[in-house]
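The values are calculated or read from the model by the stated rules, or taken from the named source; none is laboratory data. Treat the numbers as computed from the prediction; the structure is a model and nothing was measured. Positions of Cβ are backbone-derived with ideal geometry, glycine not excepted, and every protein chain shown enters the neighbour counts.
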Amino acid sequence: MKKALVCGAGGFIGSHLVKRLKKDGYWVRGVDQKKPVFSETAADDFLLLDLREQKNCEKAVLISEGKAFDEVYQLAADMGGMGFIHSAECEIMRNSALINIHIIHASAKAGVEKYFFSSSACIYRDMDPQEPELSEEEAYPALPDNEYGWEKLYAERMAMAYGRLYGMKIRLARFQNTYGPEGTWHGGREKAPAALSRKIAEAKDGGTIEIWGDGSAMRAYTYIDDLLDGIILLMKSDLKNGVNIGRRQYVSVIELVQTIAEVAGKKINIKHIKGPVGVKARNFRNDLIKSIGWKSSYSLRAGIAKTYPWVKAQVEGNK
Ligand code: NAD
């Protein structure tokens with residue numbers, strides 16, 4: 001039985017990944033500074049540890065004295081939506097870098113065979129919506145538009161360097177915006193699909209919600225189950241460099257609002273207010289992940305149809 005460590009197993013993607021690895025027959029240890037908020041962890045073993053500390057990372061990567069995990073999935077990060085990314089630059093750069101520095105070092109030293117790192121589409125530069133999609137190597141010359149993206153790029157490079165020195169197999173995924181049930185939906189770290197679902201769930205039919213900026217920013221959104229398929233395929237593949245995982249269905253923020261409102265069965269008006277909107281667009285190719293058999297099964301509408309009812313239930317449960 002393969003043994004996997006999931007770092008960030010108390011978070012949105014990490015907690016779903018634990019469930020998926022368990023379904024695939026792994027023995028799984030989760031590690032995070034908090035347990036999953038919305039359901040019990042599916043992990044066989046769960047450690048509550050602050051991964052910014054080297055000694056905690058050394059503890060996490062060992063199954064028993066001298067025996068390391070076959071696979072480490074590194075998803076722990078200090079992160080959130082655009083509001084958080086623009087207001088907590090130092091926390092993101094310090095906390096996520098410390099986690100990445102210590103966990104890769106501990107994994108390599110312990111003799112972990114394969115190491116997965118969750119990078120982001122935020123490593124790419126700002127683009128015009130009409131520009132041709134970028135391939136993975138066009139991340140360079142690098143010009144991420146926020147510090148979260150720079151930290152991810154640094155962590156990608158560090159993982160590659162450790163892979164070269166220690167012979168550890170490195171797999172790097174660059175995630176597109178990912179959404180689904182059991183993601184953060186309020187409190188300041190939520191991302192656009194969850195934040196807009198919450199606002200629409202709170203609004204009356206015919207009511208008005210506020211959105212940051214003019215709503216023209218183009219994004220692609222990937223449903224959690226599609227992302228998990230990509231992670232599993234990538235780990236089994238021979239792809240050694242950064243690989244984009246994401247659905248190529250680009251929509252504006254206004255179109256995202258319309259899709260959620262349709263699923264909610266409400267007529268919603270939009271009031272534009274000032275706020276951090278991020279890049280104009282970020283279009284990237286997905287030929288590489290498709291070359292190893294990945295396909296997206298969830299249109300935005302299909303993914304929102306699974307996500308909105310969950311967010312609505314949280315809003316109603318919170319009243
Ligand atoms: P999340 O915030 O839900 O999960 C991250 C987890 O890391 C949290 O549970 C948090 O408690 C944990 N963590 C933070 N600091 C820690 C510390 N010092 N010690 C131990 N644990 C700590 O985020 P997510 O959406 O599940 O993202 C997972 C990974 O995927 C992150 O690396 C993120 O940058 C990356 N990513 C996510 C998206 C997305 O759209 N969700 C897009 C691109 C990349």
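For segment 63-74, state whether one or more residues are out of contact with any strand residue (DSSP E or B) (no Cβ under 8 Å at 6 or more places or on another chain) and at pLDDT 95 or above.
no
How about segment 176-190: which of its residues are touching a helix residue (DSSP H, G or I) at 6+ places or on another chain (Cβ under 8 Å) and either more than 20 Å from Ala261 (Cα to Cα) or not in a strand (DSSP E or B) (or both)? Write out each step before concluding.
The first filter runs over segment 176-190 and keeps only residues touching a helix residue (DSSP H, G or I) at 6+ places or on another chain (Cβ under 8 Å), leaving 176-186, 188-190.
Gln176, Gly180, Pro181, Glu182, Gly183, Thr184, Trp185, His186, Gly188, Arg189, Glu190, listed by residue number.
Of all residues in segment 4-20 being under 14 Å from Ile224 (Cα atoms) and without any contact (Cβ under 8 Å) to a residue 40 or more places away in the chain, which is nearest to the ligand (Cβ to nearest atom)?
Within segment 4-20, the subset under 14 Å from Ile224 (Cα atoms) is 11-20.
Of the ones still in play, those that are also without any contact (Cβ under 8 Å) to a residue 40 or more places away in the chain are 18-19.
Working: Val18: 11, Lys19: 13 Å.
Among those residues, the one meeting the criterion is Val18.
Can you tell which of Gly149, Gly83 is within 18 Å of Ala192 (Cβ to Cβ), of a type outside the set (A, V, I, L, M) and surrounded by fewer than 19 Cβ atoms within 10 Å (Cβ to Cβ)?
Going through Gly149, Gly83 in turn, the sole match is Gly83.
Tell me whether segment 125-136 contains one or more residues that are more than 10 Å from the ligand (Cβ to nearest atom), assigned to a helix (DSSP H, G or I) and surrounded by 15 or more Cβ atoms within 10 Å (Cβ to Cβ).
Within segment 125-136, the first condition is being more than 10 Å from the ligand (Cβ to nearest atom), and the residues that meet it are 125-136.
Subsequent filtering for residues that are assigned to a helix (DSSP H, G or I) retains 136.
Those left that are additionally surrounded by 15 or more Cβ atoms within 10 Å (Cβ to Cβ): 136.
There is at least one residue in segment 125-136 that is more than 10 Å from the ligand (Cβ to nearest atom), assigned to a helix (DSSP H, G or I) and surrounded by 15 or more Cβ atoms within 10 Å (Cβ to Cβ).
Among (1) part of a loop (DSSP other than H, G, I, E, B); (2) within 10 Å of the ligand (Cβ to nearest atom); (3) not charged (D, E, K, R), there is one condition Ala173 misses while meeting the rest; what is its number?
Here Ala173 meets the rest and fails (1).
Please determine, by comparing only the residues of segment 142-170 that are in a loop (DSSP other than H, G, I, E, B) and more than 24 Å from Ala88 (Cβ to Cβ), which one is farthest from the chain's Cα centre (by Cα). Show your work before the answer.
We begin by selecting, within segment 142-170, every residue in a loop (DSSP other than H, G, I, E, B); these are 142-146, 167-168.
If we keep only those that are more than 24 Å from Ala88 (Cβ to Cβ) too, we end up with 167-168.
Details: Gly167: 26, Met168: 23 Å.
Looking at residues that are in a loop (DSSP other than H, G, I, E, B) and more than 24 Å from Ala88 (Cβ to Cβ), I get Gly167.
Need the failing condition index for Val37 against (1) within 12 Å of the ligand (Cβ to nearest atom); (2) among the aliphatic types (A, V, I, L, M); (3) more than 17 Å from Arg189 (Cβ to Cβ); (4) surrounded by fewer than 24 Cβ atoms within 10 Å (Cβ to Cβ), just the number.
Unmet condition: (3).
Out of Lys109, Lys67, Lys59, Lys114, I need the residue that is under 24 Å from Ile224 (Cα atoms) and among the basic types (Lys, Arg). Which one? Full working, then the answer.
Numbers: Lys109 fails: under 24 Å from Ile224 (Cα atoms); Lys67 fails: under 24 Å from Ile224 (Cα atoms); Lys59 fails: under 24 Å from Ile224 (Cα atoms).
From the options Lys109, Lys67, Lys59, Lys114, the qualifying one is Lys114.
So for segment 163-173 (the condition being closer than 22 Å to Met82 by Cα and at pLDDT 95 or above), does at least one residue qualify?
yes
Determine which member of the set Ala139, Ala77 is within 9 Å of the ligand (Cβ to nearest atom) and modelled with pLDDT of 95 or more.
Ala77
Take the conditions near the ligand (Cβ under 10 Å from one of its atoms), under 21 Å from Met235 (Cα atoms) and either small (Gly, Ala, Ser) or in contact (Cβ under 8 Å) with a residue 12 or more places away in the chain (or both) and apply them to Phe84. Does it pass?
In short, no.
Filter segment 201-225 for residues that are of a type outside the set (A, V, I, L, M, F, W, C), surrounded by 15 or more Cβ atoms within 10 Å (Cβ to Cβ) and over 25 Å from Gly265 (Cβ atoms) and give the result.
Gly213
Yes or no, residue by residue, for (1) within 14 Å of the ligand (Cβ to nearest atom); (2) in a strand (DSSP E or B):
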position: Pro193; (1), (2): yes, no
position: Ile200; (1), (2): no, no
position: Ala220; (1), (2): yes, yes
position: Asp225; (1), (2): yes, no
position: Leu228; (1), (2): yes, no
position: Ile231; (1), (2): yes, no
position: Leu234; (1), (2): yes, no
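Return the residues of segment 266-305 that are free of Cβ contacts under 8 Å to residues at least 60 places away in the same chain and under 30 Å from Ala203 (Cα atoms); say none if nothing qualifies.
Ser299, Arg301, Ala305 - these are the residues of segment 266-305 that are free of Cβ contacts under 8 Å to residues at least 60 places away in the same chain and under 30 Å from Ala203 (Cα atoms).
Name the residue that is nearest to Glu190 (Cα to Cα), counting only residues in segment 271-286 that are of a type outside the set (A, V, I, L, M) and loosely packed, with under 12 Cβ neighbours inside 10 Å.
Out of the qualifying residues, it is Lys274.
Could you identify the single residue in Glu262, Glu210 that is free of Cβ contacts under 8 Å to residues at least 40 places away in the same chain and not in a loop (DSSP other than H, G, I, E, B)?
That would be Glu262, the only listed residue that is free of Cβ contacts under 8 Å to residues at least 40 places away in the same chain and not in a loop (DSSP other than H, G, I, E, B).
List the number of the failed condition for Arg157; all other conditions in (1) touching a residue at least 12 places away in the same chain (Cβ under 8 Å); (2) within 16 Å of the ligand (Cβ to nearest atom); (3) basic (Lys, Arg) hold.
For Arg157, the failing item is (1).
Quick one: in segment 40-74, of everything that is over 17 Å from Lys114 (Cβ atoms) and among the acidic types (Asp, Glu), which residue is farthest from the ligand (Cβ to nearest atom)?
Glu65
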